[in-house]
Amino acid sequence: MTVPVIALKNLRLRLGEGASSVDVLKDVSLQVEKGQSTAIVGPSGSGKSTLLMVMAGLERVDAGEVHVAGESLHILSEDAVAAFRGRTIGIVFQSFHLIPNMTALENVAVPLELAGHPDPFKLAGEELAAVGLKDRVTHYPGELSGGEQQRVAIARALAPAPAIMIADEPTGNLDQATGRQIADLLFDKARERGTTLVLVTHDPTLAARCDRQVSMRSGRIEVPQATQAAE
């Protein structure tokens, strides 16, 4: 029997206090198989991004179990979760989240340095070349286009060779053509490296490229359904 790389069981999460508190996740359970690409879709406020952050160990649940790549994140300390995330999970955000006063090379090298990689700048350069930015390594984020910044973010996420890649609206800040190029890059790299890909998107075309779509509404998973991955 195959053990899922992500197994979420009966997750509950409430944010805020008193009368303004909101139940963001309501008894959510989900499994993701190794190497599978999964899109989490649904209206704004349905809990999609929160669920993604729980998978990444960036948000703690009030109740339930979070098992990711053999670790039970819900019982680990914050430091242990951070260390686990650094070596196991790559994250790509809608707004890139690059450090503005660092070059593309430095942005990619930082997590490698933190992880104790023996030659972080060499690997960072290789990863930037792999996403088509060989000639942009010395440029700062402000000197790069949106698509180029997202390529840097993808290189940064891939550099530690994570088992899982998590992407929150990775094409949301990009025009249609650039968004399609970034989507191609994400899927190609995940396929090449056998990386499990989980993404949140409002784009039905992007969601349809995944092996599976999971629909959320009002903090609950509606009907997970298998889809035919695009060629």
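What about A190, is it touching a strand residue (DSSP E or B) at 6+ places or on another chain (Cβ under 7 Å), touching a residue at least 40 places away in the same chain (Cβ under 8 Å) and open to solvent by 30 Å² or more (accessible area, probe 1.4 Å)? No.
Residue count for the range 50-92 satisfying the condition of being open to solvent by 50 Å² or more (accessible area, probe 1.4 Å), part of a helix (DSSP H, G or I) and either small (G, A, S) or touching a Ser or Thr at 6+ places or on another chain (Cβ under 8 Å) (or both): 1.
Here is the figure for the range 112-129: residues that are open to solvent by less than 40 Å² (accessible area, probe 1.4 Å) and at pLDDT below 95 total 1.
In the range 50-62, the residues that are within 12 Å of R12 (Cα to Cα) and touching a residue at least 40 places away in the same chain (Cβ under 8 Å) reach residues that are in a loop (DSSP other than H, G, I, E, B) and among the β-branched types (V, I, T) with C-beta atoms within less than 8 angstrom, at least six apart or across chains, in these pairs: V54/V61. Taking V92, is it within 29 Å of N173 (Cα to Cα), more than 13 Å from the chain's Cα centre (by Cα) and modelled with pLDDT of 95 or more? No: the conditions fail for V92. Answer yes if at least one residue in the range 15-30 is open to solvent by less than 20 Å² (accessible area, probe 1.4 Å), modelled with pLDDT of 95 or more and within 30 Å of P120 (Cβ to Cβ), and no otherwise. No; the residues of the range 15-30 include none that is open to solvent by less than 20 Å² (accessible area, probe 1.4 Å), modelled with pLDDT of 95 or more and within 30 Å of P120 (Cβ to Cβ).
In this structure, E148 does not qualify as in a helix (DSSP H, G or I) and open to solvent by 50 Å² or more (accessible area, probe 1.4 Å).
State all residues of the range 160-175 that are over 16 Å from A207 (Cα atoms), modelled with pLDDT under 95 and touching a Leu at 6+ places or on another chain (Cβ under 9 Å); if no residue qualifies, say none. Listed by number, the list holds a single entry, P160.
Of the residues A83, A161, A124, A109, the single one that is in contact with a strand residue (DSSP E or B) (Cβ under 9 Å, 6 or more places away or on another chain) and of a type in the set (G, A, S) is A161. Just one of the listed residues (T138, T205) is open to solvent by 40 Å² or more (accessible area, probe 1.4 Å), farther than 19 Å from L128 by Cα and either without any contact (Cβ under 8 Å) to a residue 40 or more places away in the chain or assigned to a helix (DSSP H, G or I) (or both), and it is T205.
The values are calculated or read from the model by the stated rules, or taken from the named source; none is laboratory data. Everything numeric here is computed off the predicted structure, so don't read it as measured data. Cβ atoms come from the backbone with ideal geometry, glycine included; neighbour counts cover every protein chain shown. Surface areas here come from the heavy atoms of the whole protein model, side chains and all, with no ligands, DNA or RNA. Shrake-Rupley method; radii C 1.70, N 1.55, O 1.52, S 1.80 Å.
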